[in-house]
Amino acid sequence: MYQALLREQLETLKSSNQYRTFTTLSRICGQYPLAKLDGREQEPVVVWCSNDYLGMSQHPAVREQMHDALETYGAGSGGSRNIGGSHEVYSSLEASLADWHGKEAALVFPTGFGSNDATLQCLLRRIPDCVVISDELNHASIVNGIRSTPNERKIFRHNDVEHLEQILASYPLGQPKIVVFESIYSMDGDIAPIAEIVAIAKRYNALTYLDEVHAVGMYSPRGAGIAAELGVADQVDIIQGTMAKAIGVIGGYIASTQVIVDAVRSFATGFIFTTSLPPAITAGCLASVEHLKASSTERDRLHAQTAKLRERLKHHDVPVMPCSQTHVLPVRVGEAKRCKAAAERLLHNYGVYLQPINYPSVPVGTERFRVNATPNHSDAQIEHLAVSLRETFDHFSIPLASEVFAAEVA
């Protein structure tokens, strides 16, 4: 019975083109963004959709520190920090992260998903009668943390400051409230009106919780994210980030006041009862963060290559969705079946790896490729991608920018 029930659900997923398949890609150390397909000895493919935004997973300083820590401390951490002990490198990383965001303290988790999930659950359970008000496009980790509590919750329309204020104004000033939103939304590449959201939240006595996972490392002079670039990071109560994207390793964190961080450390079950990051991983994260604080080389090159990619896609009439304001370039396909077929053609005919993004990650009818350049992508690779996308769109009769966006405006 159970097998049949699950099999039926999997078949439904497949018939709707929402079934997810893994492409076996083995990245080549020192040659990012190149990877071997299925481990075969053939021409490597070019990866265009990795969250390793700055190529820091390949950086010599990061790899060196990880090697040294592995030889010094061994492979694993030995358990949770409460039981296995809190290794000295954790406190160094947390101090570095707190300094990065201008906060009193920080707390590191094994994953970014876990830091959102555990922190939000903890705060909502520990602050009596707290109402949570969340942007409608917030990440699944935020949604999971919110749904795991019985707290009253409200959803405000994406980046709609007026709607947010209407919701906040409907509660007494003394009612505990927390506003949860992201700085950069990963599927659209747009930026939240952070300063306006923070100002309104303060007016109505609400805490602010900002997810900066797609911004840390890449924005502001020291790479601390969009809030830092706008000069409002000090007004955000809790900043959450990841070390699995621009930092290039793995792990999540929050940065806030000493009291809030200590409360999460002391009460969040998702922190207390999980094994901590291995020392070698933590050392790699620390090396990457310290490098990105001091060097703008990688992020400057990222933005330069992104501008080139955006221009070449426009030249070839490839439909980059106009919502994008950042390094994330969503290329609209508009149909799940053609999106998957186009991805397969790009991979096998052109050596271009792009993962189709379908529902439920994005609304039906907006299926897309989520494209991003890195500092490691060459000008020749950028031109090759633009030409390959245009030919593939022509092959499958996928509407070009001049068609789809002109139709939407009309």
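The values are calculated or read from the model by the stated rules, or taken from the named source; none is laboratory data. Being a predicted model, the structure only gives us computed values, none of them experimental. Positions of Cβ are backbone-derived with ideal geometry, glycine not excepted, and every protein chain shown enters the neighbour counts. Surface accessibility is based on the protein's heavy atoms, side chains included, excluding ligands, DNA and RNA. Shrake-Rupley method; radii C 1.70, N 1.55, O 1.52, S 1.80 Å.
So, in the stretch 259-275, exactly how many residues are assigned to a loop (DSSP other than H, G, I, E, B) and out of contact with any strand residue (DSSP E or B) (no Cβ under 8 Å at 6 or more places or on another chain)? Please lay out each step first, then the result.
Initial filter on the stretch 259-275 (assigned to a loop (DSSP other than H, G, I, E, B)): 268, 273-275.
Okay, now just the ones that are also out of contact with any strand residue (DSSP E or B) (no Cβ under 8 Å at 6 or more places or on another chain), so 268, 273, 275.
Qualifying residue count for the region: 3.
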Over the stretch 321-354, the set of residues out of contact with any strand residue (DSSP E or B) (no Cβ under 9 Å at 6 or more places or on another chain) and under 23 Å from Leu302 (Cα atoms) is Pro322
Give the residue, chosen from Thr275, Thr242, that is open to solvent by 10 Å² or more (accessible area, probe 1.4 Å), touching a Ser or Thr at 6+ places or on another chain (Cβ under 8 Å) and either under 28 Å from Glu383 (Cα atoms) or not assigned by the TED database to the domain that holds Val371 (or both).
Thr275
Within the stretch 245-258, the count of residues that are touching a strand residue (DSSP E or B) at 6+ places or on another chain (Cβ under 9 Å), hydrophobic (A, V, I, L, M, F, W, C) and open to solvent by 10 Å² or more (accessible area, probe 1.4 Å) comes to 1
Please indicate, with yes or no, whether at least one residue in the stretch 302-311 is of a type outside the set (Val, Ile, Thr) and more than 17 Å from Trp48 (Cα to Cα).
no
Pick out the one residue from Ala373, Ala304 that is in a helix (DSSP H, G or I) and either open to solvent by less than 70 Å² (accessible area, probe 1.4 Å) or of a type in the set (Phe, Trp, Tyr) (or both).
Ala304
When both residues are 6+ apart or on different chains and their Cβ atoms are under 6 Å apart, which pairs have a first residue that lies in the stretch 84-105 and is outside any helix (DSSP H, G or I), and a second that is of a type outside the set (Val, Ile, Thr) and surrounded by 14 or more Cβ atoms within 10 Å (Cβ to Cβ)?
Gly84/Ser77; Gly84/Gly78; His87/Pro279; Gly102/Ala233; Lys103/Ala255; Lys103/Ser256; Ala105/Ala98
If we ask which residues in the stretch 329-344 are over 11 Å from Gly365 (Cα atoms) and outside any helix (DSSP H, G or I), their number turns out to be 3
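Could you tell me whether the stretch 56-71 includes any residue that is open to solvent by less than 20 Å² (accessible area, probe 1.4 Å) and either among the basic types (Lys, Arg) or part of a loop (DSSP other than H, G, I, E, B) (or both)?
No; the residues of the stretch 56-71 include none that is open to solvent by less than 20 Å² (accessible area, probe 1.4 Å) and either among the basic types (Lys, Arg) or part of a loop (DSSP other than H, G, I, E, B) (or both).
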Return the total of residues in the stretch 120-153 being under 22 Å from the mean Cα position of the chain (by Cα) and either part of a loop (DSSP other than H, G, I, E, B) or not assigned by the TED database to the domain that holds Ser266 (or both).
5
Inspect all residues belonging to the stretch 120-135 and state whether any of them is among the aliphatic types (A, V, I, L, M), at pLDDT 95 or above, open to solvent by 10 Å² or more (accessible area, probe 1.4 Å) and closer than 21 Å to Ala206 by Cα.
yes
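Quick grid of which residues meet (1) surrounded by fewer than 18 Cβ atoms within 10 Å (Cβ to Cβ); (2) over 30 Å from Cys122 (Cβ atoms):
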residue	(1), (2)
Thr282	no, no
Ala287	no, no
Glu298	no, yes
Ser324	no, yes
Cys339	no, yes
Arg345	yes, yes
Val352	no, yes
Val364	yes, yes
Ser378	yes, yes
